[in-house]
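Take a look at the structure below.
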Amino acid sequence: MAVEDLTKLYDGLTITTTRELKDEAIHIAISQNITVYDALFIAAAQKMNATLYTADKKLCAKTDKPIKTKLLTKETEE
């Protein structure tokens, strides 16, 4: 039963590879003066038209304009 549930969950996921995002992530990293690692999250959120949830205040501030972001804080958890 658990294996079937995990398989169903996995089948519902959208998998995006860094290879798919690399060009856009490099462009974002250079234009926003951030790491490619951080830029990959922005590129993924852009591609999926999704909100980027992060506890990184600096990243959240850098991504305000190109994508919708939500800063996670202790208050967010309560």
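Bridgeable lysines around residue 58 (alpha carbons under 19 Å apart, same-chain partners fewer than 8 residues away excluded): 68, 70, 74. Rg and Dmax of the chain, based on Cα coordinates, read 15.0, 48 Å.
For the chain, the 222 nm mean residue ellipticity estimated from helices alone, with every DSSP H stretch of n ≥ 4 adding -39500 (n - 2.57) and the total spread over all residues, rounds to -18000 deg cm²/dmol. Straightening the chain between residue 24 and residue 57 buys 9.7 nm, computed as 0.36 nm per residue apart minus the Cα-Cα spacing. If only the Cβ of Lys and Arg carry +1 and only the Cβ of Asp and Glu carry -1, the dipole of the chain around its Cα centre is close to 380 debye.
Which cross-chain or sequence-distant (5 or more) residues have an amide H under 5 Å from the amide H of residue 69, H modelled 1.01 Å from N in plane? Placed amide hydrogens put 52 under 5 Å from residue 69.
Each reported figure results from applying straightforward, stated rules to the coordinates on display, with no laboratory input. Predicted model only: the values in this text are computed from it and were never measured. Positions of Cβ are backbone-derived with ideal geometry, glycine not excepted, and every protein chain shown enters the neighbour counts.
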